[in-house]
Amino acid sequence: EALRKTLQEMAMFSTGLRIILEVDGKKEEFFSKSGLIDGLSKENRLSKPFSYHYETPDCKVDLALQWVSKKGQIRGYANNLFMPDGGAFISGFKTSLTRTFNSLAKTKYDGDTIRDVLDGFVSVKVKMGQFTNQQKTALANPEARTATSTAISNALKEFAVKRKDS
């Protein structure tokens, strides 16, 4: 089951990649047409999922997010590896999410309240990963923090404009 989960994640991070797992003559295919959005659950969905790509010379950021009616969860990945402790890029995401959401909605919600109804993925790719610990469970790269902060701000503004137009 752990291998299946890893192969599914690999397919999500490599849109269009087809992975075939064959065990005892049974074949199982892992493929993602839409990338990270394919990993979002359809349960409790309040909004159409949205994605955003942002790139600097030092960092690439991909977001796939949706508003949900139950407890959401933001899962962070650096260079396609799950970062259970997040790190700088998740800190940048959280700070900018709260600031931008409140600015657009003209409210004063705290970050936990906003994140409780947001579900999705934050993926960064950096040239040389710097980690905060030996286990490599949190990314420390400051350029990832800055890029992710800009990406979520731009993504929310784009989402708000699309909602207003529809």
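Stretched out straight at 0.36 nm per residue, the stretch from Glu1 to Asn133 would grow longer than its current Cα-Cα span by 44.8 nm. Under the criterion of Cα pairs below 8 Å and six or more residues apart, the relative contact order for the range 1-84 equals 20 percent. With one equal scatterer per alpha carbon and no solvent term, the Debye-computed log10 I(q)/I(0) for the range 1-75 at 0.12, 0.23, 0.26, 0.27 1/Å reads -0.43, -1.08, -1.18, -1.22. Once backbone amide H atoms are built at 1.01 Å from N, Asn79 has Val124, Lys125, Val126 as its partners under 5 Å, excluding neighbours fewer than 5 places away on the same chain.
If we sort 97-106, 141-150, 71-80 on the protection proxy, mean other Cβ atoms within 10 Å, highest first, what's the order?
On the way: 97-106: 15.7, 141-150: 21.5, 71-80: 17.6.
Ranked by mean Cβ neighbours within 10 Å, highest first: 141-150, 71-80, 97-106.
Summarise the long-distance tail of P(r) for the chain by giving the % of C-alpha pairs beyond 19 Å. When every Cα pair of the chain is considered, 58 percent fall beyond 19 Å. Please report the spacing between the Cα centers of the range 136-158 and the range 85-126 in Å, no decimals. Distance between centres, Cα-based: 10 Å. Relative to the longest principal axis of the Cα atoms of the chain, the long axis of helix 142-165 lies at roughly 70 degrees. In the chain, helical runs assigned H by DSSP with n ≥ 4 each contribute -39500 (n - 2.57); averaged across all residues and rounded to the nearest 500, the mean residue ellipticity at 222 nm is -11500 deg cm²/dmol. Residue farthest toward the positive end of the dipole of the chain, with Cβ of Lys/Arg at +1 and Asp/Glu at -1: which of Thr95, Leu40, Met12? Farthest towards the positive end: Thr95.
Rounded to the nearest 20, the size of the Cβ-charge dipole of the range 1-104 about its Cα centre is 480 debye, with Lys and Arg at +1 and Asp and Glu at -1. Our summary gives the chain a relative contact order of 23 percent, counting only alpha carbon pairs under 8 angstrom and 6 or more residues apart.
Using heavy atoms of the protein chains and a probe of 1.4 Å, the accessible area assigned to Lys162 is about 130 Å².
May I ask you to give the percent of accessible area on the chain that is carbon plus sulfur, with a probe radius of 1.4 Å? Could you put the intermediate results ahead of the total?
Numbers: 5020 of 9890 Å².
Carbon and sulfur: 51 percent of the exposed surface of the chain.
When nucleic acids and ligands are ignored and a 1.4 Å probe is applied, Asp38 ends up with an accessible area of around 70 Å².
Please give me, ordered by residue number, the GluC sites (Glu not before Pro) of the range 25-91 that lie in loop per DSSP and have at most 16 other Cβ atoms within 10 Å. Listed in order of number, the matching sites are Glu43. To the nearest 10 degrees, how steeply does helix 2-13 sit against the main Cα axis of the chain, on a 0 to 90 scale? Relative to the chain, helix 2-13 is tipped by roughly 60 degrees. Here Lys162 and Ser103 are evaluated by their C-beta separation; at R0 = 22 Å the FRET efficiency comes out at 0.80. Karplus-based coupling profile of the range 123-139, in residue order and whole Hz: 10, 10, 10, 10, 5, 10, x, 10, 10, 8, 8, 4, 6, 6, 9, 8, 7, with θ = phi - 60° in 6.51 cos²θ - 1.76 cosθ + 1.60 and x standing for Gly or Pro.
The values are calculated or read from the model by the stated rules, or taken from the named source; none is laboratory data. As the structure is a computational prediction, the values presented were derived from the model and not from experiment. Cβ sites come from the backbone with ideal geometry, for glycine too, and all protein chains shown count toward neighbours. Ligands, DNA and RNA are stripped out before the accessible areas are found, and what is left, the full protein with its side chains, is counted by its heavy atoms. Shrake-Rupley method; radii C 1.70, N 1.55, O 1.52, S 1.80 Å.
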